[in-house]
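What follows draws every value from the coordinates through simple rules; no lab data is involved. Keep in mind that what you see is a predicted model, and the values were worked out from it rather than measured. A quick note on method: Cβ atoms are made from the backbone with ideal geometry, for glycine too, and the neighbour counts reach across all protein chains shown.
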Amino acid sequence: MGSRKRKPPPAGEFTADVIDLAEDGRGVARVDGKVTFIADALPGERVRFRYLRTSRDIDEAQTVAVEQASGDRVSPDCEHFGVCGGCVLQHLAPEAQIRFKQKRLFDSFERIGKVQVDETAAPITGPVWGYRRRARLGVKFVHKRETALVGFRERESSFLAALTRCRVLDPRVGEKLRALGDLVASLSLRAQLPQIEVATADVVALVLRVLAPPSDDDLQRLRAFAAEHDVDLYLQPGGPDTIQAFGDVRELSYAPQREPDRLHFRPTDFIQINGEVSRQAVNQALDWLELKPGERVLELFSGLGNFSVPLARAGAQVTTVEGEASLVQRARDNAQRLGLEIEAHKGDLFQSQSDAPWAKAAYDAVLIDPPRAGAQEILPLLGKIGARRILYVSCHPGTLARDAGLLVHEHGYRLVRAGVMDMFPHTAHVESMALFVRD
C-alpha cells in the first residue's frame, strides 16, 4: 500500500479569537472545536489567519492581520521579525514576556511535577537587545546573486534568512552581518564556509568553519577584515579539536560575579548567553544557598567555573563534576590562576556515579545546572547524599518540573522558592532557578 498523501490545508483567510499562548510562543485558538496554533497571535486578540498545516488533532496557522489587538502587543523592533526564526515574541511587550514565562514555569510545576512552590521569586531581567554573546551563525553563498548570507534560518524553513543585522546579538557582530557576508563572498572558499561561531567578551572572536584550505589571497582578506573590525579570527577545518587561532588573538574572559575574578574560556566553550542575567543568577544562587564559610558544596554540570569560582570565593569548600574533559581542565586552570581551591572531577552525570569518590562524601548543599534533558539520572544519588539544600538552575521548565516532582515526592525535599531568569528575551526559552530544602 502506498502512503496516503496529506490533504492540503484549506485555502483563504479565516478569523479566530486567541485564548492562550503555547509553550513555543504561538497563539492558541479553538476553530470548529479543534486546537489551532497561530504564529504571531496573542491571547485576547481576534486575528485573521491562513492555514499552514492541518492534521487530525491540531492545525497550524500564520497571522495575516490583527483585527482586535491585545494591550500587550508592541511593534517588533527588528525588520527581520517574522522571517528570521531566531525570535518569536518581539510582538509581545517585554514585561508580558516575563509573565508568559512565569506562567509556563509554575504551570509545569503543577501539571508535570504535581508540586507547589512556597514562594515566587522576583524575575531576573537584563537588557532585551544586544544581549547575546554566543551564537552559531549559518553561512550560505548564493551563486546566482554572487552574495553570501550570514545569520539564522528562516521560520518554517531550512533556508537562511537574508539578514542585514541581528538586534539580539552583541552589536559588535549583530550590526556587521552584511560585512561578514561581503567577506565570505570575496573568498575563494566562499562555497566551503558553512558556519561562523561567535563568542564575545571584552573582545570578539569568530570561528570560521572551513571545508577547504584558504588561499593566500583569502588569508590577506581575513587579516584585513580582522584589523578593520577589531575581531579575532579562528579557523576550524575539522572537529572542535582542529580550531586554530588565525594570527595573534587576545584572551577571552568574563567576570562571573564581580571583578577581579575572571574566567578564561575558548571561543567554542559553553558560557551563558546573557552576561548580565548570568551575573545576577550567580548572586541570587549565593544568596539563596546562605552558605557559611567552610561549608561543603557539590556542583554538578559545572562547566568552566561560572558558579564554582564565586562559591569558592565566598569561602565554601567546592567539589565540581562536569562531563566534558576540556571544561574540567578549564575550571581547574581558572581556579588555580585565581588562587582558589576547587576539587574538579570529570563524570558522566547521565550514568550512575555512586562509585565515584566524590559521591561518597557529605555535603551541606548541592548546585545543579543541567542541560535541557534535566538531572533525572543523578537524583537518586542526591537523595542519598541528603544535603539540606539543593539549588537547581534550569533551561527547560518541563524537565525541571519532572525533577522537582521526584525530589519532593521521592526524596523528601520541599520546593521553597522558584523564579524565572530572562536569559533569552524575545524567544520562548524559559530559564529558571529553584531552591529545594530538606527539613
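Annotation: for a label point projected 7 angstrom from Cα along Cα→Cβ of Asp77, residues of region 170-187 with backbone N closer than 13 Å are 170-171. Taking the chain as the region of interest, the number of lysine pairs whose Cα atoms are within less than 27 Å, with members eight or more places apart or on different chains, is 15.
What does the charge add up to near Asp439, with Lys and Arg as +1, Asp and Glu as -1, over the other residues with Cβ less than 10 Å from its Cβ? Can you show the working numbers first?
Numbers: positive: Arg388, Arg414, Arg438; negative: none.
Net local charge, Asp439 excluded: +3.
Dividing the mean sequence gap of close Cα pairs (under 8 Å, 6+ apart) by how many residues the chain holds gives a relative contact order of 14 percent. Please compute the net charge surrounding Leu381, taking Lys and Arg as +1 and Asp and Glu as -1 over other residues with Cβ under 15 Å from its Cβ. Counting the neighbours of Leu381, the net charge comes to -3.
For a modelled paramagnetic label at Glu95, 7 Å from Cα along Cα-to-Cβ, the residues of region 104-144 in reach, with backbone nitrogen under 19 Å, are 104, 121-129.
The mean sequence separation of alpha-carbon pairs under 8 Å and at least six residues apart, normalised by the residue count of region 134-252, gives a relative contact order of 21 percent.
Stretching Asp241 away from Ala69 to a fully extended chain increases their span by 56.8 nm, per 0.36 nm per residue minus the current alpha-carbon distance.
Only bridges whose two residues both fall in the chain count here: according to DSSP, what percent of them are antiparallel, nearest 5? List each step's numbers first, then the result.
Numbers: 59 of 92 bridges.
Within the chain, antiparallel bridges account for around 65 percent of the total.
Magnitude of the charge dipole for region 134-252, about its Cα centre and with charges confined to Cβ atoms of Lys, Arg (+1) and Asp, Glu (-1), is about 600 debye.
Sum -39500 (n - 2.57) across every DSSP H segment of at least 4 residues in the chain, then divide by the residue count to get the 222 nm mean residue ellipticity, nearest 500.
Values: 9 runs with 96 residues, N = 439.
Mean residue ellipticity at 222 nm (helix-derived): -6500 deg cm²/dmol.
When the chain is described by a simple charge dipole with +1 on each Lys and Arg Cβ and -1 on each Asp and Glu Cβ, the residue from Val282, Gln236, His345 located farthest towards its positive end is Gln236. Here the peptides 404-412, 423-431 are ranked by packing, the mean other Cβ count within 10 Å, and the order with the highest first is 423-431, 404-412.
Only one item in (1) 109, 54, 34; (2) 59, 58, 42; (3) 65, 64, 51 matches Cα extents along the principal axes in Å derived from the coordinates shown, and that item is (3).
If you take every DSSP beta bridge fully contained in region 293-433, what fraction is antiparallel? Give it as a percent rounded to 5.
Values: 5 of 23 bridges.
That works out to approximately 20 percent antiparallel.
Near Ala401: Cβ cut-off under 11 Å, other residues only, Lys/Arg at +1 and Asp/Glu at -1. The net charge is +1.
Put a plus charge on the Cβ of each Lys and Arg, a minus charge on the Cβ of each Asp and Glu, and nothing anywhere else: the dipole of the chain about its Cα centre is then about 1020 debye.
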